[in-house]
């Protein structure tokens, strides 16, 4: 834990050496997580009231006139019963019905972690950072791009656990492609419970995998608790344009029935799955997200759900998705403004880049989008660490770099306080013109806390840096990731719970096919 | 010009091959510059009215009670005559006097270029991007860090000229250390007039160099014109805390007398030359900047001046300046809010990083600060391209990368229009659920313009990129810089003006010492 940020390391630094000291510290729950971020800076609304109303109006007309497909018989029947106009799976939803349902979803909720100290709040002024999800490849500690394994996934969970500004781990940060698909989810879930005590994400690739997620959560949190209290977040993507498919709806029904929030996220490649228009894409994606949220309230009125967006623009010449573009940043802000209109928790992404390497392109892209995410008022900031190559690759180096950047953004988003202004002015009076402040008591008192110090960033002299071997940022980050993994200690899991999880997995592995045929 | 951004390249692409074709295009003034950015997105005010008032109040008290040094007898005498309380060079300025003087400075002005098509507007909702200044080292086209030369400087001026989102060149992007100091400024200025027809910056390192700047500008623009109309911008740094030194005041007096705007910028290493407090540093720097602006109105009431800030935080452990920190971003926003309070054009920096290499650290830092600059409402966004290593190094690669990012920020800051919403909704009706938009007429019509495409960013497939030799972003950027320099053609300078400039330089070289003794 050599190189974590100043204000964090001050609270996590080893107070005594050796295994015993580390254990004492672990028992005392060392800070591996900052509290839920309470945002202290304003949001940035790009639209005036008229323009916002115009987009809302067009979203309503899409759902009323064009309609949206819910490709599941049960879902379509539920819509019909609720009063929507249905033809097969095509559902046209009147704005009154839609808004009445959306209004049932809470604007904030508490996400419980198995360690209550890691419990977070989502919605309102509360924001959390959550690492990436779903990469088939990793850029490993030797800088090679290869398929991800279970060992990689568990290593990422450990890094997420040890990163103070990450408030949750994800589910499959990388895909453990060394495991057979039918049983893969069991080992993903096991890792979530064993290697971290932060909040986590559920599995959505099949109804029974969602049910297994719920079942294992019940072993950890207790049956009754998981029936009513959010303990996980899952992602349910719409297929833009205007389709919620059967697999996603199956998972959504399982989670909503258990009051477990999902990110209702149209996955939009703007220009391909939306029109080639910033506001046009937003009007469509808004319609898709609202229809999804409204449907969840047919399943369980009042269940917490998150209004989500993932919108990147497409290079119209090659069809390739681009990250970090100005329109992607604008869309983030527009969707945040709409989420506030509807009183819904808002999910967007930060640090989701197109770059293939953790190089300057990745830095540009990541921080353009993360800044937009912060200013959009996003409550659930996903893909906040690790993402490369439009999500195809999870990078160890970028994971720890992004995680440190999240700590910087955390500080930024807390805003500015004026309560130290008078003391600072006393220091000015004491120093006066043409001197410096380094030796004043005011400075000495604030030495550790005045300004954020990103430890993975290099600011020393050229000569000193050369003497250290001129390490570039990826090199320093890989060293940090290795050091974190070396120092990792399990957060501890009740032995009975652990055995019950293993027994569950063993039983399900007997029931499930060994592999896809 | 292979790899410039989409919306720019569409307007600059070669319409016919060969030298004749290129010459025709040059004669038709190909677009090498976007118009002044008219910002269409809101500013981000971090402070409520009470907190803003509190900081203003403390700034006033600094100037009234502590005072500020104007280390020049004439300047102190001017303050005394104006009614300030002076003791030697220490000047205490009553807030009424200060604010009366500040109110004389205009909130906007026109900056004339020698090519009227490059003339820009500074202040209000108008913003310009200006490349970096003052690096002793370059990171060259072979990736080596070495001292800068006149050849480097001229190459950077050519790149600035060819970068559409850069609205000005700088003066000494890198220091031409191969020239003797006493005569260096003449060759810097010559290059500004010859290799670019965009606005430029003046020399401030001695009174006679400022006078030479004015004299050469008069050769280019005409004597009378330069007596009254802004044709250049110069930087006049305060020495924080609370000192305006004689060299800077000498240059300031020359420029203000000719109605030529300066960036009145306290150069603050926060924690060392200010107190270790974000708002404390802002209150001090605000006092310093306002005192400088007020002084210029004693020289020439109504002369346009720019309220400037350069504030980076210091690593309190090593004393090293840090870039891209959350407090640096916050200070940018706070100073922008104060500039609006006083109705002054605002200068800040973007892309000024601590990183030694154009790597992911540089990308993170650059875009955190540039986003803050955009949201601060900055009118003069300096150091927008090229800066590495806290300003010690000018990087060719980062220069062209940053310049392309400026084009992205330009697009972002223009904001969102809703005038294409109805057409986009027609496209949604036509496409409906479960299809795609790529073949629609709406998409085809907007193929080139819908979304920004950063050509130096790599978004294609891994396999294609490997086939191209897996170039990292610096490699691609160096290729771009070489291609731009290969394709560069002079903007053209009147032969009589050219000869007069050469004659002036020859005469001054006879008058000035050959080198410092």
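The values are calculated or read from the model by the stated rules, or taken from the named source; none is laboratory data. Quantities reported herein were computed from a predicted structural model and do not represent experimental measurements. Quick reminder, even Gly has a Cβ in these numbers, built from the backbone with ideal geometry, and neighbours come from all protein chains shown.
Of everything in region A:211-222, what is closer than 21 Å to residue A:118 by Cβ and part of a helix (DSSP H, G or I)? Give them in sequence order. Correct list: A:213, A:214, A:216, A:217, A:218, A:219, A:220, A:221.
For region B:50-88, the set of residues classified as assigned to a loop (DSSP other than H, G, I, E, B) and free of Cβ contacts under 8 Å to residues at least 12 places away in the same chain is empty. Here is the figure for region A:61-82: residues that are more than 11 Å from chain B (Cβ to nearest Cβ) and surrounded by fewer than 22 Cβ atoms within 10 Å (Cβ to Cβ) total 10. Among the residues of region B:189-210, at least one is in contact (Cβ under 8 Å) with a residue 12 or more places away in the chain, surrounded by fewer than 21 Cβ atoms within 10 Å (Cβ to Cβ) and in a loop (DSSP other than H, G, I, E, B). Residues considered: A:231, A:138. Of these, the only one that is touching a residue at least 60 places away in the same chain (Cβ under 8 Å) and within 14 Å of chain B (Cβ to nearest Cβ) is A:138.
Results for (1) modelled with pLDDT of 95 or more; (2) within 14 Å of another protein chain (Cβ to nearest Cβ); (3) outside any helix (DSSP H, G or I); (4) more than 27 Å from the chain's Cα centre (by Cα), shown as yes or no for each residue.
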site: A:452; (1), (2), (3), (4): yes, yes, yes, no
site: A:478; (1), (2), (3), (4): yes, yes, no, no
site: A:485; (1), (2), (3), (4): yes, no, no, no
site: A:499; (1), (2), (3), (4): yes, no, no, yes
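The residue list B:425, B:484 contains one member that is over 30 Å from residue A:45 (Cβ atoms) and either touching a helix residue (DSSP H, G or I) at 6+ places or on another chain (Cβ under 6 Å) or free of Cβ contacts under 8 Å to residues at least 60 places away in the same chain (or both), which is B:484.
With respect to the numbered conditions (1) at the interface with another protein chain (Cβ under 10 Å from one of its Cβ atoms); (2) part of a helix (DSSP H, G or I); (3) in contact with a strand residue (DSSP E or B) (Cβ under 9 Å, 6 or more places away or on another chain); (4) within 19 Å of residue B:279 (Cβ to Cβ), which one is the sole condition not fulfilled by residue B:363? Residue B:363 satisfies all of (1) at the interface with another protein chain (Cβ under 10 Å from one of its Cβ atoms); (2) part of a helix (DSSP H, G or I); (3) in contact with a strand residue (DSSP E or B) (Cβ under 9 Å, 6 or more places away or on another chain); (4) within 19 Å of residue B:279 (Cβ to Cβ) except (4).
Residue selection: residue B:41 fails the criterion of being crowded, with 17+ Cβ neighbours inside 10 Å, within 14 Å of chain A (Cβ to nearest Cβ) and part of a helix (DSSP H, G or I).
When A:231, A:177, A:235, A:226 are screened for being farther than 22 Å from residue A:492 by Cα, at pLDDT 95 or above and crowded, with 23+ Cβ neighbours inside 10 Å, only A:235 passes. Residues of region B:318-354 that are facing chain A (nearest Cβ under 7 Å), in a loop (DSSP other than H, G, I, E, B), farther than 20 Å from residue B:283 by Cα and touching a strand residue (DSSP E or B) at 6+ places or on another chain (Cβ under 8 Å): B:320, B:354. Can we say residue B:91 is in a strand (DSSP E or B), in contact with a helix residue (DSSP H, G or I) (Cβ under 8 Å, 6 or more places away or on another chain) and either without any contact (Cβ under 8 Å) to a residue 40 or more places away in the chain or surrounded by 23 or more Cβ atoms within 10 Å (Cβ to Cβ) (or both)? Against the criterion (in a strand (DSSP E or B), in contact with a helix residue (DSSP H, G or I) (Cβ under 8 Å, 6 or more places away or on another chain) and either without any contact (Cβ under 8 Å) to a residue 40 or more places away in the chain or surrounded by 23 or more Cβ atoms within 10 Å (Cβ to Cβ) (or both)), residue B:91 qualifies. Do the conditions hold for residue A:514, that is, is it more than 7 Å from chain B (Cβ to nearest Cβ), more than 30 Å from the chain's Cα centre (by Cα) and in contact (Cβ under 8 Å) with a residue 40 or more places away in the chain? Criteria met by residue A:514.
Within region A:29-37, not a single residue is surrounded by 20 or more Cβ atoms within 10 Å (Cβ to Cβ), at the interface with another protein chain (Cβ under 7 Å from one of its Cβ atoms) and in contact with a helix residue (DSSP H, G or I) (Cβ under 6 Å, 6 or more places away or on another chain).
Of the residues B:331, B:322, which is under 20 Å from the mean Cα position of the chain (by Cα) and modelled with pLDDT of 95 or more?
That would be B:331, the only listed residue that is under 20 Å from the mean Cα position of the chain (by Cα) and modelled with pLDDT of 95 or more.
Counting the residues of region A:455-465 that are in a helix (DSSP H, G or I) and either surrounded by 12 or more Cβ atoms within 10 Å (Cβ to Cβ) or in contact (Cβ under 8 Å) with a residue 60 or more places away in the chain (or both) gives 2. Can you find a residue that is within 18 Å of residue A:58 (Cβ to Cβ), part of a strand (DSSP E or B) and in contact with a helix residue (DSSP H, G or I) (Cβ under 9 Å, 6 or more places away or on another chain) anywhere in region A:279-294? No, region A:279-294 contains no residue that is within 18 Å of residue A:58 (Cβ to Cβ), part of a strand (DSSP E or B) and in contact with a helix residue (DSSP H, G or I) (Cβ under 9 Å, 6 or more places away or on another chain). Within region B:235-260, the residues that satisfy the criterion of being within 14 Å of another protein chain (Cβ to nearest Cβ) and assigned to a loop (DSSP other than H, G, I, E, B) are B:240, B:241, B:242, B:245. Evaluate region B:386-394: report whether one residue or more is under 22 Å from residue B:290 (Cα atoms) and within 11 Å of chain A (Cβ to nearest Cβ). Scanning region B:386-394 turns up no residue that is under 22 Å from residue B:290 (Cα atoms) and within 11 Å of chain A (Cβ to nearest Cβ).
Rundown of residues vs (1) part of a helix (DSSP H, G or I); (2) in contact (Cβ under 8 Å) with a residue 24 or more places away in the chain; (3) within 19 Å of residue A:199 (Cα to Cα), yes/no style:
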| residue | (1), (2), (3) |
| --- | --- |
| A:368 | yes, yes, no |
| A:371 | yes, yes, no |
| A:378 | no, yes, yes |
| A:385 | no, yes, yes |
| A:398 | yes, yes, no |
| A:403 | yes, yes, yes |
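If only residues of region A:261-284 that are more than 11 Å from chain B (Cβ to nearest Cβ) and surrounded by 24 or more Cβ atoms within 10 Å (Cβ to Cβ) are counted, the one that is nearest to the chain's Cα centre (by Cα) is A:263. Residue count for region B:414-444 satisfying the condition of being within 7 Å of another protein chain (Cβ to nearest Cβ) and not in a loop (DSSP other than H, G, I, E, B): 9.
Between A:437, A:452, the distinction of being crowded, with 21+ Cβ neighbours inside 10 Å, closer than 17 Å to residue B:311 by Cβ, out of contact with any strand residue (DSSP E or B) (no Cβ under 6 Å at 6 or more places or on another chain) and free of Cβ contacts under 8 Å to residues at least 24 places away in the same chain belongs to A:437 only.
Flag: residue B:400 does not match the condition of being crowded, with 21+ Cβ neighbours inside 10 Å, at the interface with chain A (Cβ under 8 Å from one of its Cβ atoms) and at pLDDT 95 or above.
Can you name every residue in region B:131-153 that is surrounded by 22 or more Cβ atoms within 10 Å (Cβ to Cβ) and in a helix (DSSP H, G or I)? Listed by number, the residues that qualify are B:152, B:153. Considering the conditions (1) under 21 Å from the mean Cα position of the chain (by Cα); (2) surrounded by 24 or more Cβ atoms within 10 Å (Cβ to Cβ); (3) touching a residue at least 40 places away in the same chain (Cβ under 8 Å), residue A:185 is excluded by exactly one of them, (3).
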